[in-house]
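> Right, I'll just put the structure down here and ask away after.
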Amino acid sequence: MKVSKTGMKRATAFKEWAVIVDLLGAGDQILILRKGGIHEKRGGFQVEHREFLLFPTLFHQQRESVVPPAQARCDKILPRFSDPETVPIEYWVHAAETRRVADWRRIEKLAPYHAWTEAVIHDRFGWGKDEGIFVIVARVFRLAEPRVIPVLKEYGGCKSWIDLQADAAPSLEGKAPVLIDAEFEKQLEDVQRCLS
């Protein structure tokens, strides 16, 4: 928790497509690949936080922007997001590793470890004045008591990081990793090998 300029306590959340949040929460993916949105702070996207809640978002082209197995998953989970006024907060992340990668060949090697299409990642990689993309290796934890919270106007816009009001943020007590240590470490090593 941190305190905002108004003195209100806040919790940090990271906005990501709902289907990717679902994959992360199931342990089927440990990567977040991010270039940043048009409303990022000066200097573009940065990994400002190593620990954060996941805030699932809907994007009208989300289904076409992931590989076919993830498209089927998208169809399955979208009914959970029928109310645009609320959002489920179910997962917390510790960023086990973060780095900016400017070598496209290394990013290509990560294809088996995420659900985005190559075209989407290539667009992100090349977007802006500098080629490259941030790779976040996410150690994901399922919350013991997830919450459905109201979507406030301040959470909108094309930005990665948002501050949830403390009364909206779920407790982190009793959270549990979605992958056992050995499985996470194996996937982490595979990713590190791709990036080295």
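> If a residue must be open to solvent by less than 60 Å² (accessible area, probe 1.4 Å) and not hydrophobic (A, V, I, L, M, F, W, C), how many such residues does region 178-196 contain?
Filtering region 178-196 for residues open to solvent by less than 60 Å² (accessible area, probe 1.4 Å) gives 178-179, 184, 187-188, 190-191, 194-195.
So of that shortlist, the ones also not hydrophobic (A, V, I, L, M, F, W, C) come out as 187, 190.
Adding up the residues that qualify gives 2.
> Still on this structure: Looking at (1) open to solvent by less than 30 Å² (accessible area, probe 1.4 Å); (2) assigned to a loop (DSSP other than H, G, I, E, B), which is the one condition that is false for residue 130?
Every listed condition holds for residue 130 apart from (1).
> Right, another one. Note down all Cβ pairs under 6 Å where the first residue falls in region 126-140 and is under 25 Å from residue 176 (Cβ atoms) and in contact (Cβ under 8 Å) with a residue 12 or more places away in the chain, the second is part of a strand (DSSP E or B) and hydroxyl-bearing (Ser, Thr, Tyr), and they're at least six residues apart or on different chains.
Going by the 6 Å Cβ cut-off, the qualifying pairs are 136/98; 140/91.
> For region 1-112, list the helices (runs of 4 or more DSSP H) that sit wholly inside it and hold at least 2 residues that are open to solvent by 10 Å² or more (accessible area, probe 1.4 Å), of a type in the set (A, V, I, L, M) and at pLDDT 95 or above; which are they?
Values: elements: 18-26, 68-77, 104-109.
Output list reads 18-26.
> Could you identify the single residue in 144, 169 that is hydrophobic (A, V, I, L, M, F, W, C), surrounded by fewer than 13 Cβ atoms within 10 Å (Cβ to Cβ) and more than 14 Å from the chain's Cα centre (by Cα)? Can you show your working first?
Values: 169 fails: surrounded by fewer than 13 Cβ atoms within 10 Å (Cβ to Cβ).
One residue alone meets the criteria, 144.
> Could you please find all residues in region 151-196 being free of Cβ contacts under 8 Å to residues at least 24 places away in the same chain and of a type in the set (Asp, Glu)?
154, 167, 181, 185, 189
> A further question follows. Of the conditions (1) open to solvent by less than 70 Å² (accessible area, probe 1.4 Å); (2) closer than 18 Å to residue 59 by Cα; (3) touching a strand residue (DSSP E or B) at 6+ places or on another chain (Cβ under 9 Å), residue 154 clears all except one; give me its number.
Unmet for residue 154, out of (1) open to solvent by less than 70 Å² (accessible area, probe 1.4 Å); (2) closer than 18 Å to residue 59 by Cα; (3) touching a strand residue (DSSP E or B) at 6+ places or on another chain (Cβ under 9 Å): (1).
> Take residue 157 and tell me if it is at pLDDT below 95, under 19 Å from the mean Cα position of the chain (by Cα) and closer than 20 Å to residue 20 by Cα. Break it down stepwise before answering.
Values: at pLDDT below 95: yes; under 19 Å from the mean Cα position of the chain (by Cα): yes; closer than 20 Å to residue 20 by Cα: yes.
When the stated conditions are applied, residue 157 passes them.
The values are calculated or read from the model by the stated rules, or taken from the named source; none is laboratory data. Bear in mind the structure is a predicted one, so any value in this text is a computation, not a measurement. For neighbour counting, all protein chains shown are included, and Cβ atoms are generated from backbone atoms with ideal geometry for every residue, glycine included. Heads up: the accessible areas ignore ligands, DNA and RNA and are worked out on the full protein's heavy atoms, side chains in. Shrake-Rupley method; radii C 1.70, N 1.55, O 1.52, S 1.80 Å.
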